[in-house]
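In what follows, a single structure is set out as structure tokens and then discussed.
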Amino acid sequence: MLEIRKGQEKDKENLAQLVMIILRQMELSLVAELGEETVVDLLEQAILQDGYRYSYKRALVATVEGKVAGVAFGYTNEEESTIDVVFQQLLKEKTGLDQKLFTDSEVLGEEWYLDSIAVYDSFRGHGAGSKLLSALPEVAKESGKKVVGLNVDLENPKAQKLYEKTGFVTVGEMEIAGHKYHHMYWKV
């Protein structure tokens, strides 16, 4: 049975692995420099902290028969400037590097921004991604927002079609970490 629930501390390992799916796709130089094992370790520590981009408290988790299948993370446009402070501090403390994992703004106006959505390969095709998406309007409303925003890679038309089917429309284009994205809105 597929269910959606809020993230919990016990999810940290799964959340870190799901975030790594996205970070691999983004081809971030810091991930290549540090290695995935170090990044996963840092993520697992940061996930337990309030306010972090990938905090378990920001996570909507899809489960299938009690097993974590996927996750969605997001935040409001006002939060974007502070969501990575926790990771930056951990990175400096653990590695001595004073760098940012993300350097580009991803939001466009007043929105609840879907930062990331990822589903394990073994659970794809079970509806986890669609069910996570359908839960977003309620999260946006709880945050006082009337729009859910997201970015989809121009080279990922399959994902764009899923978002369009859900109700998103393209409102602009952005470049993030050297990749071009369609910025999409879903009025809720």
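The values are calculated or read from the model by the stated rules, or taken from the named source; none is laboratory data. What you are looking at is a predicted structure, and each value in this text was computed from that prediction instead of being measured. Every residue, glycine as well, gets a Cβ built from its backbone with ideal geometry; the counts of neighbours run over all protein chains shown.
Contact annotation: no residue pair with Cβ atoms under 7 Å, 6 or more positions apart or on different chains, pairs a residue in region 119-144 that is within 11 Å of T166 (Cβ to Cβ) and surrounded by fewer than 17 Cβ atoms within 10 Å (Cβ to Cβ) with a partner that is at pLDDT 95 or above and among the basic types (K, R). Within region 73-96, if we keep just the residues that are over 17 Å from the mean Cα position of the chain (by Cα) and without any contact (Cβ under 8 Å) to a residue 12 or more places away in the chain, the residue that is nearest to N151 (Cα to Cα) turns out to be Q89. Scan region 139-174 residue by residue and report those that are touching a Gly at 6+ places or on another chain (Cβ under 9 Å) and part of a strand (DSSP E or B). Scanning region 139-174 gives V147, V148, G149, L150, V171. For region 158-176, a tally of residues being more than 19 Å from N77 (Cβ to Cβ) and surrounded by 12 or more Cβ atoms within 10 Å (Cβ to Cβ) returns 6. Taking every residue in region 153-171 that is closer than 14 Å to Y185 by Cα and pairing it with any residue that is of a type in the set (K, R), at least 6 positions away or on another chain, yields no pair with a Cβ-Cβ distance below 6 Å.
Scan region 147-183 residue by residue and report those that are under 16 Å from E111 (Cα atoms), hydrophobic (A, V, I, L, M, F, W, C) and over 15 Å from the mean Cα position of the chain (by Cα). Listed by number, the residues that qualify are V147, F168, V169, V171, M174. Of all residues assigned to region 54-76, none qualifies as being surrounded by fewer than 13 Cβ atoms within 10 Å (Cβ to Cβ), in contact with a helix residue (DSSP H, G or I) (Cβ under 8 Å, 6 or more places away or on another chain) and in a loop (DSSP other than H, G, I, E, B).
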